[in-house]
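First comes the structure, then the notes that go with it.
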Amino acid sequence: MKIYLVGGAVRDQLLNIPVKDRDWVVVGASSQDLLSKHYIPVGKDFPVFLHPKTKEEYALARTERKSGTGYTGFQCISSPDITLEEDLLRRDLTINAIAQDTDGTLIDPFHGQQDLKQRVLRHVSPAFREDPLRILRVARFAARFGSLGFYVADETMTLMRLMVADNELQCLPAERLWSEIQRALAEPTPTRFFEVLRDCGALQQILPEIDALFGVPQPEQHHPEIDTGMHTLMSLTQAAQLSPSPLIRFAVLTHDLGKGTTPQAEWPRHIAHEQRSVGLIDQLAKRLRIPRDYHKLARNVARFHTHCHRAFELRPETLIKTLEELNAYRQPEHMDAFLLACEADARGRSGFETRPYPQADWFRSVLKATSSIDVPALQAAGFEGKALGNAIHQQRITLARHLRENHALNQQPTTP
């Protein structure tokens, strides 16, 4: 029995980046061999065990045979006769098909080290084509290592395009699609994920609402980049710089979906795109079974991001109504996510990337100033039920009006 460190741990060591998890492959052993050493079986589809002390995963060397459609249509074959090279052959990318012996020796039959040096994401074998999920995995690795300059090999991109053309992605369940999207949004350069998917044609099948934004113009005076799809990816880049949260990044990704449905006769204007965006987000959330918190923030950003951009122009009545509809008084902790998404949108434009966004601080100031209503005093004055809610609403408006007047006064130039 021989044990090798494999996959991401070896890859990340060679890239000099922190190793999060270590996976091992066991050659020349059976399940009974590991059980006799008190390894804990956890694999459902193939023999995987947890080390009795470290709890790291140890998988028996195996090969795979396509037995059906989709990413689950495989028959896994494991036996003591399967070699390390045969096990590595079934992996997705050459950079993930490097093993390390216990003495530190690297086993690299598919030249993964060379591809690491050249920053290439290249498939190991034609068997790559049998698993459509690998299209999304390649795109996700591009998002993970985008800052290091990794790109998809031409032959791998060609293979991915053929898989898309064969409608292989239609076999993937919504949960797996969303899982990959969510993980990609958390990567350092999430825009690369969507760029790779668009390059191979997968974006149109997986996220047609996003794909529809490319080629749709916007007013040049507000959007020098003009193209709505480019603006969306630029905004996502800004979101990645402002926050590591995939929740915020998803809201930014979907904030302008309605512009993809604007009639061409109305271009480059996009009247009422906010409400159309909300409807498309609802459609997307239902199709991919997106979690409620992602859905809620995305709806709020789509609906109210233009209100936030015009914060200093809003009437006190409109400003308070916006805060109330955002549920900011009951859940003020959610406001930061909303405001960061709006800031990313504002900065996601050519020439606007480093501009300050004082609208966010203004929203915070108004929320803070209007959150200290003396509700017991209103109740003592006889207000209750709907009348109490109206009284609180009116007091908030009054406080917002005073704050706005003071702000305007402070903006007046002083007399020399």
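The values are calculated or read from the model by the stated rules, or taken from the named source; none is laboratory data. This one's a predicted model, so the numbers in the text were calculated from it and none came from an experiment. For neighbour counting, all protein chains shown are included, and Cβ atoms are generated from backbone atoms with ideal geometry for every residue, glycine included.
When each of Asp92, Asp103, Asp131 is tested for being free of Cβ contacts under 8 Å to residues at least 24 places away in the same chain and acidic (Asp, Glu), the lone residue that passes is Asp103.
Restricting the first member to region 195-218 and to residues that are aromatic (Phe, Trp, Tyr), and the second to residues that are at pLDDT 95 or above, the beta-carbon pairs closer than 9 Å and six or more apart or on different chains are Phe214/Arg198; Phe214/Leu203; Phe214/Asp227; Phe214/Thr228; Phe214/Gly229; Phe214/Met230; Phe214/Thr232; Phe214/Gly260.
From Ile135, Ile181, grab the single residue that is closer than 26 Å to Arg11 by Cβ and in contact with a Cys (Cβ under 8 Å, 6 or more places away or on another chain). Exactly one of Ile135, Ile181 is closer than 26 Å to Arg11 by Cβ and in contact with a Cys (Cβ under 8 Å, 6 or more places away or on another chain), namely Ile135.
To keep it simple, each residue is scored yes or no on (1) surrounded by 15 or more Cβ atoms within 10 Å (Cβ to Cβ); (2) out of contact with any strand residue (DSSP E or B) (no Cβ under 7 Å at 6 or more places or on another chain); (3) farther than 25 Å from Val25 by Cα.
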residue: Pro132; (1), (2), (3): yes, yes, no
residue: Val152; (1), (2), (3): yes, no, yes
residue: Val164; (1), (2), (3): yes, yes, yes
residue: Gln170; (1), (2), (3): no, yes, yes
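The condition of being in contact with a strand residue (DSSP E or B) (Cβ under 7 Å, 6 or more places away or on another chain) and more than 22 Å from Ile248 (Cβ to Cβ) does not hold for Gly201. Being assigned to a helix (DSSP H, G or I) and under 23 Å from Pro246 (Cα atoms), is that true of even one residue in region 310-322? No; the residues of region 310-322 include none that is assigned to a helix (DSSP H, G or I) and under 23 Å from Pro246 (Cα atoms).
Summed over region 61-81, residues that are modelled with pLDDT of 70 or more, in a loop (DSSP other than H, G, I, E, B) and either surrounded by fewer than 17 Cβ atoms within 10 Å (Cβ to Cβ) or touching a Lys or Arg at 6+ places or on another chain (Cβ under 6 Å) (or both) total 3.
How many residues are among the acidic types (Asp, Glu) and modelled with pLDDT of 95 or more when one looks only at region 114-142? Please lay out each step first, then the result.
Looking only at region 114-142, we keep the residues that are among the acidic types (Asp, Glu), and these are 115, 130-131.
Filter again for modelled with pLDDT of 95 or more, leaving 115.
Summing the residues that are among the acidic types (Asp, Glu) and modelled with pLDDT of 95 or more in region 114-142 gives 1.
Residue count for region 197-230 satisfying the condition of being surrounded by 15 or more Cβ atoms within 10 Å (Cβ to Cβ), over 21 Å from the mean Cα position of the chain (by Cα) and among the small types (Gly, Ala, Ser): 0. Evaluating Arg330 against the criteria (1) of a type in the set (D, E, K, R); (2) part of a helix (DSSP H, G or I); (3) surrounded by fewer than 16 Cβ atoms within 10 Å (Cβ to Cβ) leaves one unmet condition, (2).
The residues in region 277-313 that are crowded, with 19+ Cβ neighbours inside 10 Å and over 22 Å from the mean Cα position of the chain (by Cα) can be counted, and the count is 3. Residues in region 13-40 that are assigned to a loop (DSSP other than H, G, I, E, B), at pLDDT 95 or above and more than 25 Å from the chain's Cα centre (by Cα): 0 in all.
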